[in-house]
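Following this message is one structure expressed as C-alpha cells.
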Amino acid sequence: MIHIECHCHGRLRELLPQGQRGCRRLKLKQRLTLYELLAMLRIPHPEVDLALCNGESVDLQQRIGDRDRLHLYPSACGMVESRPLQRLRTRPLRLPRFILDVHLARLARRMRLLGLDCWYQPGTADDEIIRLALAQRRTILTRDRGLLHQPAVQHGYYVRAIEPSRQLQEVLSRFDLYPQLAPFSRCTLCNGMIEAVDKERVRDQVKPQVYRLFEEFFRCGRCGQVYWQGSHYERMLRDLQPWLVPEFSGRSDGPGAVN
Ligand SMILES: [Zn+2]
C-alpha cells in the first residue's frame with residue numbers, strides 16, 4: 001500500500017468536496033503518476049501550475065511514491081525559490097481568447113456582450129473543442145471536468161459558479177479581464193466584430209419604427225446582424241453592471257440574474 005499526503009492550495013481547494021479541503025492522506029494500491037493522481041482527485045491538470053513533491057517541483061509524469069508529500073498550487077506567482085521551478089502549465093496565452101462548451105451558452109452571450117472573444121457553438125463535440133482550442137490558442141471554459149482531464153488540453157478552466165452572472169464575474173476575476181472589456185463591440189450571435197454602419201444601409205433590415213427612432217446603427221462584419229442601442233441593450237448592461245466588479249471570496253449573495 002502506498003501512503004501519500006496531498007495538500008491543495010488556493011482555488012484548487014474549491015475543486016475538492018467540502019470537508020476534504022485540508023491535508024488529504026491517501027492510500028493507493030499502486031504508484032500513480034501525478035497526472036493519474038490529479039484525474040483520480042478530479043482536479044483538472046490545466047488548473048495546476050506547480051506541484052511540489054517533497055519540496056521539489058515535478059512534472060505530470062512524475063511517479064508519486066510511498067510517504068511522498070505533495071503540494072499543489074494554482075499559480076507559482078510570487079514564489080521565491082533559489083532553484084528554477086518546473087511549471088506544469090504551458091506559458092499563458094498572450095491574448096485572452098476562449099472557447100466555451102455546450103453548457104455555457106448564457107455565459108458566452110454575456111462575455112460577447114462585453115466584447116470578449118468567445119467561440120461557442122452548440123453541439124460541438126469535446127474532441128472538436130480541444131482541437132479548436134489548440135489551433136486557435138483559446139482557453140477552454142467548461143462545467144465538465146472530464147473535458148479538462150483530456151491529456152491534450154493545455155489551457156482550461158472549470159467554471160465553479162452555476163448561475164450565469166456569477167459565472168461571468170468569476171471568469172472576469174480569474175483571468176483579470178476587466179481592462180479588456182469593450183461592451184457593444186462584438187456580435188452576441190456569432191462572435192464577429194461589429195462596426196458602425198450608415199443608417200441608410202440598414203433601412204431594409206430593421207422595422208420602420210426602429211429606423212425612425214434611432215440614428216446610430218451597427219452591423220456584424222461576419223453574420224450581418226444589425227444592432228442599435230435600444231432599451232434592451234441598456235437594460236442588459238445595467239443588469240450586468242453590479243457584476244462588473246472584481247469577485248471577492250466569501251460573497252454569499254449578489255444581484256439578480258439576467259436571462
Ligand atoms: Zn454576427
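Rule-based calculations on the coordinates, nothing more; no lab input. Quick caveat, the model's predicted, so the values are computed rather than measured. No Cβ is skipped: glycine too gets one built from the backbone with ideal geometry, and neighbour counts run over all protein chains shown.
In which sequence would D117, D101 go, from the one with the fewest C-beta neighbours within 10 Å to the one with the most?
D117, D101
Against the longest principal axis of the chain, how steep is helix 126-135, in degrees 0 to 90 to the nearest 10, with axes from Cα atoms?
The angle comes out at about 80 degrees.
Hey, how many Å between the Cα centroid of the range 25-78 and the Cα centroid of the range 136-215?
Between the Cα centre of the range 25-78 and that of the range 136-215, the gap is 34 Å.
Sum -39500 (n - 2.57) across every DSSP H segment of at least 4 residues in the chain, then divide by the residue count to get the 222 nm mean residue ellipticity, nearest 500.
Values: 7 runs with 58 residues, N = 259.
So the helix-based figure for the chain works out to -6000 deg cm²/dmol.
Under the 0.36 nm per residue contour assumption, what length would be gained going from the current alpha-carbon distance of L189 and R238 to full extension?
Details: separation 49, 0.36 × 49 = 17.64 nm, distance 2.00 nm.
Length difference between fully extended and current span is 15.6 nm.
Among DSSP beta bridges whose residues both lie in the chain, state the antiparallel percentage, nearest 5.
Here the antiparallel bridges make up roughly 60 percent for the chain.
In addition: Where does helix 231-240 land angle-wise versus the long Cα axis of the chain, in degrees 0 to 90, nearest 10?
20 degrees
Another one. Using a Förster radius of 22 Å, what is the FRET efficiency between A135 and R87 based on their Cβ-Cβ separation? Nearest 0.05, please.
0.45
Going by how many other beta carbons lie within 10 Å of each one, how would you line up I162, I99, I2, fewest first?
Working: I162 9, I99 25, I2 16.
Neighbour counts put them in this order, fewest first: I162, I2, I99.
Whole-Å semi-axes of the range 2-73's equivalent ellipsoid, largest first, each the root of 5 times a Cα gyration tensor eigenvalue?
On the way: eigenvalues 55, 38, 26 Å².
Those come to 17, 14, 11 Å.
For each of R160, R109, R138, count neighbouring Cβ atoms within 10 Å of the residue's Cβ, then give the residues from fewest to most.
Ordered by Cβ neighbours within 10 Å, fewest first: R160, R109, R138.
Work out the FRET efficiency for M40 and E215 from their Cβ-Cβ distance, taking R0 = 45 Å, and round it to the nearest 0.05.
Working: r = 60 Å, r/R0 = 1.34.
Taking R0 as 45 Å, the efficiency between M40 and E215 is 0.15.
Given a Förster distance of 22 angstrom, what is the FRET efficiency for R201 paired with Q229, based on the Cβ-Cβ distance and rounded to 0.05?
After rounding to 0.05, the efficiency reads 0.80.
A further question on this structure: Separation between the A125 and D176 pseudo-spin-labels, each 7 Å from Cα along Cα→Cβ, expressed in nm?
For A125 paired with D176, the spin-label model returns 3.8 nm.
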